[in-house]
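Visitor: Once you've had a glance at the structure underneath, I'll fire off some questions.
The values are calculated or read from the model by the stated rules, or taken from the named source; none is laboratory data. All figures in this text were calculated on a predicted structure; none of them were measured in a lab. Every residue, glycine as well, gets a Cβ built from its backbone with ideal geometry; the counts of neighbours run over all protein chains shown. All accessible areas refer to the heavy atoms of the entire protein, side chains included, with ligands and DNA or RNA removed. Shrake-Rupley method; radii C 1.70, N 1.55, O 1.52, S 1.80 Å.
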Amino acid sequence: MDMYELDRLRRECEAANGNFAQLWAVMTPLAAEWVEIRHEPPQPDLDGWRPRADFTAYVEHEAATFTKAFRDPSIGAEVRIEGETLVWDPLRLAGEPLLSGERVEIRYRVEMHFADGELVRVVGVPDPRNVKSDVIAWLKSVAAVGGFNPPAAQPQRPA
C-alpha cells in the first residue's frame with residue numbers, strides 16, 4: 001500500500017475516533033480474502049486465519065461487545081503510520097465496567113499489515129502499563145454482556 005493510501009486511512013481513522021465500530025468500518029472494506037489475527041502474547045482461542053466475512057464479523061462483534069461492557073465508554077486511538085503499517089497506539093478503551101464502580105483504562109497497540117493494497121494481518125499487543133485489576137474488571141464485564149465469542153479461526157491460511 002502506498003503512502004498516499006496509508007495517509008488516507010490514517011485520516012479516516014482519525015475522523016472515526018471515538019466510535020470503535022466506525023474505526024473498524026474504515027478497515028474492513030480492505031480485508032483480503034483471508035486475514036490473520038494475532039495477539040502478542042498469543043491467545044490461541046482467538047489467533048489465526050479467518051475468511052473476510054468471519055474477520056468482519058470478528059471485529060464488529062469486538063466493537064459491540066467491548067463497548068457494551070462499559071458505562072459511558074470512551075474509545076479512541078492515536079493513529080500513525082510506521083513504514084507500510086497503519087498503527088493504533090494506543091487504542092484506548094476506557095470507562096466504568098458494568099460490574100465495577102471504578103473507571104478503568106485499557107490500552108492496546110493494534111497494527112494493520114497490508115499486502116497488495118489489502119489488509120492481511122492485524123496484530124494486537126496489550127500495553128504493559130495496563131493495570132491488572134483494570135483488565136480483570138473489564139473482562140468480567142465483557143463476560144457479563146455475553147462474552148467475546150468471535151467466529152473460530154484456522155491455525156493456517158488455507159491454500
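Visitor: Give the span of the stretch 8-94's Cα atoms along each principal axis, as three whole-Å numbers ordered largest to smallest.
Guide: 31, 31, 25
Visitor: Quick one: order Y58, Y108, Y4 from most to least accessible surface, probe 1.4 Å. Kindly include the intermediate steps, with their values, before the conclusion.
Guide: Numbers: Y58 5, Y108 45, Y4 155 Å².
From most accessible down to least: Y4, Y108, Y58.
Visitor: Hey, another quick one. Please list, by residue number, every one of the trypsin sites (Lys or Arg not before Pro) in the stretch 46-120 that is coil in DSSP and has at most 16 other beta-carbon atoms within 10 Å. Write down the numbers at each step before the final one.
Guide: Working: sites: R52, K68, R71, R80, R92, R103, R107, R109; in loops: R103.
Hits after loop and neighbour filter: R103.
Visitor: For the stretch 96-159, with every protein chain kept in place, what is the accessible area per residue (1.4 Å probe, Å²)? Please report the intermediate quantities before stating the final value.
Guide: Working: 3690 Å² over 64 residues.
Counting only protein heavy atoms, the per-residue value for the stretch 96-159 is 58 Å².
Visitor: Related question: Please list, in order along the stretch 96-106, the HN-Hα scalar couplings obtained from phi with the Karplus expression 6.51 cos²θ - 1.76 cosθ + 1.60 (θ = phi - 60°), rounded to whole Hz, x for Gly and Pro.
Guide: The phi angles translate into 9, x, 4, 9, 9, x, 10, 5, 10, 9, 10 Hz.
Visitor: Leaving out ligands, DNA and RNA, what percent of the accessible area of the chain is carbon and sulfur, probe 1.4 Å? Mind dumping the intermediate values first?
Guide: Values: 4120 of 8080 Å².
Carbon with sulfur: 51 percent of the solvent-accessible area.
Visitor: Label-point separation (nm) for E14 and D72, each offset 7 Å from Cα along Cα-to-Cβ?
Guide: About 2.8 nm, to one decimal.
Visitor: If you average the sequence gap of Cα pairs under 8 Å that are 6 or more apart and divide by the length of the chain, what percent do you get for the contact order? Present the calculation step by step, with values, prior to reporting the outcome.
Guide: Numbers: 312 pairs, mean separation 44.2, N = 159.
Computed value for the chain: 28 percent relative contact order.
Visitor: Calculate how steeply helix 3-16 sits against the longest principal axis of the alpha-carbon atoms of the chain, using the helix alpha-carbon long axis, and give the answer as 0 to 90 degrees to the nearest 10.
Guide: The angle comes out near 30 degrees.
Visitor: Could you give log10 I(q)/I(0) at q = 0.09, 0.15, 0.16, 0.17 Å⁻¹ for the chain, computed by the Debye formula over C-alpha point scatterers of equal weight, without solvent?
Guide: Debye intensities relative to I(0), on a log10 scale: -0.28, -0.79, -0.90, -1.02.
Visitor: Test of understanding: what is the full-extension gain from R157 to V131, defined as 0.36 nm times their sequence separation minus their Cα-Cα distance? Write down the numbers at each step before the final one.
Guide: Values: separation 26, 0.36 × 26 = 9.36 nm, distance 3.44 nm.
Gain on extension, R157 to V131, equals 5.9 nm.
Visitor: Just for the Cα atoms in the stretch 82-131, what are the lengths along the principal axes, largest first, rounded to whole Å?
Guide: That gives 46, 19, 10 Å along the principal axes, largest extent first.
Visitor: How far apart, in nm, are two points set 7 Å out from the Cα along the Cα-to-Cβ line at E84 and at Q22?
Guide: The answer from the label model is 3.1 nm.
Visitor: Right, next: Positive end of the charge dipole of the stretch 54-159 (Lys, Arg +1 and Asp, Glu -1 on Cβ, about the Cα centre): tell me which of F70, A137, Q154 has its Cα farthest that way.
Guide: Selected residue: A137.
Visitor: If you don't mind, there's one more thing I want to ask. Magnitude of the Cβ-charge dipole of the stretch 62-159, K/R +1 and D/E -1, about the Cα centre, nearest 20 debye?
Guide: Numbers: 12 positive and 14 negative charges, 73 e Å.
Roughly 360 debye for the stretch 62-159.
Visitor: With unit charges on the beta carbon (Lys/Arg positive, Asp/Glu negative), name the residue among A16, P42, L93 whose Cα is farthest towards the positive pole of the charge dipole of the chain.
Guide: L93
Visitor: Here's a follow-up. Measuring with a 1.4 Å probe in the full set of protein chains, what accessible area per residue, in whole Å², belongs to the stretch 1-75?
Guide: Normalised by residue count, the accessible surface of the stretch 1-75 is 49 Å².
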